[in-house]
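Engineer: A single structure is presented below for examination.
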Amino acid sequence: MQLLDRGVLKFDYQFPLYNFFFPSQACNVYQPAPYQFAEMMSAANQASRSRALYFHIPFCEAICSFCPFTRGLYKSASDIDRYTQALISEIEYKAQAMDFRAVPVRAIFFGGGTPSLLSPRNIHDIGEVLHRHFDMCDVQEFSFEFSVTSVTEERARALAAIGVTHARFGLQTTDREWRQLFNLDPDIGKIERTAELLNSQFEHVLCDILYGMNGSNEQQTLADIDKAVAIGVSNIDIYPINNAATSVKLHRQIKSRFADVMPAMRKLNMKFMLDEHLRQYGYIPYNGHGYVRRPRAGSALFAEDYSFIYHEHVYGYADHDLLGFGVGAISSVAEHVITNISSREKYTRGMAQGEHLCQVSRHDPMLDVVKPLVVRLAYHGSVDKRLVELGRMPEALMRRLDELIQAGLVLEDSRFYRLTRLGWLWYSNIMFYLMPASEQDILRKLVFERLDVPGRDITEHELIYTAG
């Protein structure tokens, strides 16, 4: 990837992944013995001063064709009950290995899959265990994902009762053809009713929008934003579709239906337009793809009073860590990334027998040191110099950071590094550009493996901004 000096064009191509874990899960991989796991967890408590929790609920009523996450079709309530018990068992297992109250928990996130398929009883039981094992006094953000097909007042009340503060659902698009291609419920009325119910229960209601698909257009995405604004959500997350991760079936359907390819240059122009459209409605960015409603923000470049606290721990400072629970869930702690087994049945059976099935990737401690500059700066827009070990930063990283400053993508003062507005629009490329070469190679390999699957492909026009 080359940094350019061509006005608004700052890179020669778009790296086709927009969000990714850092450090990766590919170094020195092994399956830990129980004593090794306990040692890792004890060391994590020593290194961390702030923590987030993630809970994965893998069930779906229908499989969305754009979704890359661990999930499976919902079959029966008894399956969800068994899985709920496995989640509770994992919490209790880890409570034996570490002191959950040693590090303040600031954010909790339930993702999927479709967490809103949990019954009110499931929600109550999980909430009771959370409040029993964790000190919830420092939790500032408790997020829960909904599907518009499974939102009920009873579920919403149960979630509010256990402390949920942020309700999230996927709008994705209001275009009927694309909702069919994405395998989403065609009834737009359900989106409107979902927003009305969630707005009545939660202060923060967030929806996701996808854009940039081959065969789609700007008017469609503007209409999707208009709908999100009209239904009164407090936050809008707007993502370019990740064609390296979407299903082969979706690739084939799009290719058979549309001749148009969404070129990289057009998608970049869309980012400028969509950013301004959201600002005109009073929404301003707080991370690389998230906007919060701030009608009186005026000319503010970014939200100073709001952040996605869960992602402060995924893309954050070295002493912010993440504990994951559930099938395929990831824990990112000092010098280690722990990934739970991806088989739902093996996970459920294992936890029923008191066995925690996972694999561990151990990385160079320097990757934790550089993490704030590599990912936090680009994703959240700023890094406080007092919270990073600048004296330990590799020369190559600081040289690249200086190149970004000279290119007008990053500003530096005595206390902070901050993205410029132009830097914000290039945030995912900045993350990749600042990564150590070893981590770049791992991500490139991942992309090549995804695109090596017959039927899933990306044309050069979708990635290349310039030939020279």
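The values are calculated or read from the model by the stated rules, or taken from the named source; none is laboratory data. None of the values given here were measured: they were computed from a predicted structure. Note that each Cβ is placed from the backbone with ideal geometry, even for glycine, and that neighbours are counted across all protein chains shown.
Engineer: Checking Ser342 against (1) closer than 23 Å to Phe134 by Cα; (2) at pLDDT below 95, which single condition isn't satisfied?
Structural biologist: (1)
Engineer: Within the stretch 176-196, does at least one residue satisfy the condition of being in contact with a helix residue (DSSP H, G or I) (Cβ under 7 Å, 6 or more places away or on another chain) and at pLDDT 95 or above?
Structural biologist: Of the stretch 176-196, the ones in contact with a helix residue (DSSP H, G or I) (Cβ under 7 Å, 6 or more places away or on another chain) are 181, 186.
Going one step further and asking which of them are at pLDDT 95 or above, we end up with none.
Checked against the condition, which is being in contact with a helix residue (DSSP H, G or I) (Cβ under 7 Å, 6 or more places away or on another chain) and at pLDDT 95 or above, the stretch 176-196 yields no hits at all.
Engineer: Now for a different question. So Val261 ticks every box in (1) hydrophobic (A, V, I, L, M, F, W, C); (2) buried (at least 17 other Cβ atoms within 10 Å of the Cβ); (3) within 30 Å of Phe448 (Cβ to Cβ) but one. Which box is left unticked?
Structural biologist: Of everything listed in (1) hydrophobic (A, V, I, L, M, F, W, C); (2) buried (at least 17 other Cβ atoms within 10 Å of the Cβ); (3) within 30 Å of Phe448 (Cβ to Cβ), Val261 misses just condition (2).
Engineer: With the condition kept exactly as written, say whether any residue in the stretch 292-299 is of a type outside the set (Phe, Trp, Tyr) and in contact with a helix residue (DSSP H, G or I) (Cβ under 8 Å, 6 or more places away or on another chain).
Structural biologist: Among the residues of the stretch 292-299, not one is of a type outside the set (Phe, Trp, Tyr) and in contact with a helix residue (DSSP H, G or I) (Cβ under 8 Å, 6 or more places away or on another chain), which makes the answer no.
Listed here are the residues, each with its yes/no results for (1) modelled with pLDDT of 90 or more; (2) farther than 13 Å from Lys267 by Cα.
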| residue | (1), (2) |
| --- | --- |
| Glu218 | yes, no |
| Asp226 | yes, yes |
| Ser234 | yes, yes |
| Ala245 | no, yes |
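Engineer: Separate question: Spot the failing condition for Cys137; the list is (1) touching a helix residue (DSSP H, G or I) at 6+ places or on another chain (Cβ under 8 Å); (2) more than 19 Å from Asn199 (Cα to Cα), and only one is missed.
Structural biologist: The one condition Cys137 does not meet is (1).
Engineer: Another question about this same structure. Quick check on the stretch 279-302: of everything there that is closer than 17 Å to Val229 by Cβ and in contact with a Pro (Cβ under 7 Å, 6 or more places away or on another chain), which residue is surrounded by the most Cβ atoms within 10 Å (Cβ to Cβ)?
Structural biologist: Among those that are closer than 17 Å to Val229 by Cβ and in contact with a Pro (Cβ under 7 Å, 6 or more places away or on another chain), it is Tyr291.
Engineer: Here is a follow-up. Can you tell me which residue among Ala334, Ala329 is touching a residue at least 60 places away in the same chain (Cβ under 8 Å) and surrounded by fewer than 24 Cβ atoms within 10 Å (Cβ to Cβ)?
Structural biologist: Numbers: Ala329 fails: surrounded by fewer than 24 Cβ atoms within 10 Å (Cβ to Cβ).
Exactly one residue qualifies, and that residue is Ala334.
Engineer: If Leu210 satisfies all but one of (1) touching a residue at least 40 places away in the same chain (Cβ under 8 Å); (2) farther than 30 Å from Val8 by Cα, what's the number of the condition it fails?
Structural biologist: Condition (2) is where Leu210 drops out.
Engineer: Now a separate question. Considering only residues that are charged (D, E, K, R) and closer than 22 Å to Pro240 by Cβ, look in the stretch 373-430 and name the one that is surrounded by the fewest Cβ atoms within 10 Å (Cβ to Cβ). Show your work before the answer.
Structural biologist: The first filter runs over the stretch 373-430 and keeps only residues charged (D, E, K, R), leaving 376, 384-386, 389, 392, 395, 399-400, 402-403, 412-413, 415, 418, 421.
Filter once more, keeping what is closer than 22 Å to Pro240 by Cβ: 376, 421.
Values: Arg376: 26, Arg421: 14.
Checking each candidate, the answer is Arg421.
Engineer: Another one. Report, by residue number, each residue of the stretch 256-289 that is in a helix (DSSP H, G or I), farther than 20 Å from Arg418 by Cβ, without any contact (Cβ under 8 Å) to a residue 40 or more places away in the chain and not acidic (Asp, Glu).
Structural biologist: Within the stretch 256-289, Ser256, Arg266, Asn269, Gln280 meet the criteria.
Engineer: Could you pull out the residue among Ile254, Ile236 that is of a type in the set (A, V, I, L, M) and touching a strand residue (DSSP E or B) at 6+ places or on another chain (Cβ under 6 Å)? Quick ask: steps written out before the conclusion?
Structural biologist: Working: Ile254 fails: touching a strand residue (DSSP E or B) at 6+ places or on another chain (Cβ under 6 Å).
Answer to the check: Ile236.
Conditions tested, residue by residue: (1) of a type in the set (A, V, I, L, M); (2) out of contact with any Lys or Arg (no Cβ under 8 Å at 6 or more places or on another chain).
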| position | (1), (2) |
| --- | --- |
| Met1 | yes, yes |
| Leu4 | yes, no |
| Tyr13 | no, yes |
| Asn19 | no, yes |
| Ser24 | no, yes |
| Asn28 | no, no |
| Gln36 | no, yes |
| Ala43 | yes, yes |
| Ala47 | yes, yes |
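Engineer: Picking from Phe21, Phe69, Phe109, which residue would you name as being modelled with pLDDT of 95 or more and closer than 15 Å to Gly324 by Cα?
Structural biologist: Working: Phe21 fails: modelled with pLDDT of 95 or more; Phe69 fails: modelled with pLDDT of 95 or more.
None of the other options fit; the residue is Phe109.
Engineer: Check whether at least one residue in the stretch 385-396 is modelled with pLDDT under 95 and under 28 Å from Val8 (Cβ atoms), and report yes or no.
Structural biologist: No: zero hits.
Engineer: Could you please give the count of residues in the stretch 76-95 that are of a type in the set (A, V, I, L, M) and either outside the structural domain of His56 (by TED's automatic domain parsing) or closer than 15 Å to Gly127 by Cβ (or both)? Give the derivation first.
Structural biologist: First pass over the stretch 76-95, keeping only residues of a type in the set (A, V, I, L, M): 77, 80, 86-88, 91, 95.
Checking the rest, the ones that are also either outside the structural domain of His56 (by TED's automatic domain parsing) or closer than 15 Å to Gly127 by Cβ (or both) come to 87-88, 91.
Number satisfying all stated conditions: 3.
Engineer: Something else now. Looking at the stretch 147-175 only, could you name the residues that are charged (D, E, K, R) and closer than 13 Å to Lys227 by Cβ?
Structural biologist: Asp175
Engineer: Let me ask something additional. Which residue is surrounded by the most Cβ atoms within 10 Å (Cβ to Cβ), if the candidates are limited to the stretch 28-57 and must be at pLDDT 90 or above and in a loop (DSSP other than H, G, I, E, B)? Spell out the reasoning first.
Structural biologist: First, pick out the residues of the stretch 28-57 that are at pLDDT 90 or above: 29-57.
Subsequent filtering for residues that are in a loop (DSSP other than H, G, I, E, B) retains 31-33, 48-49.
Numbers: Gln31: 11, Pro32: 17, Ala33: 9, Ser48: 21, Arg49: 11.
Among them, the one singled out is Ser48.
Engineer: Could you tell me whether Gly282 is within 23 Å of the chain's Cα centre (by Cα), on the phi > 0 side of the Ramachandran plot and in the same structural domain as Phe169 (by TED's automatic domain parsing)? So that I can check it myself, show each step before the final result.
Structural biologist: On the way: within 23 Å of the chain's Cα centre (by Cα): no; on the phi > 0 side of the Ramachandran plot: yes; in the same structural domain as Phe169 (by TED's automatic domain parsing): yes.
No; evaluated as a whole, the condition is false for this residue.
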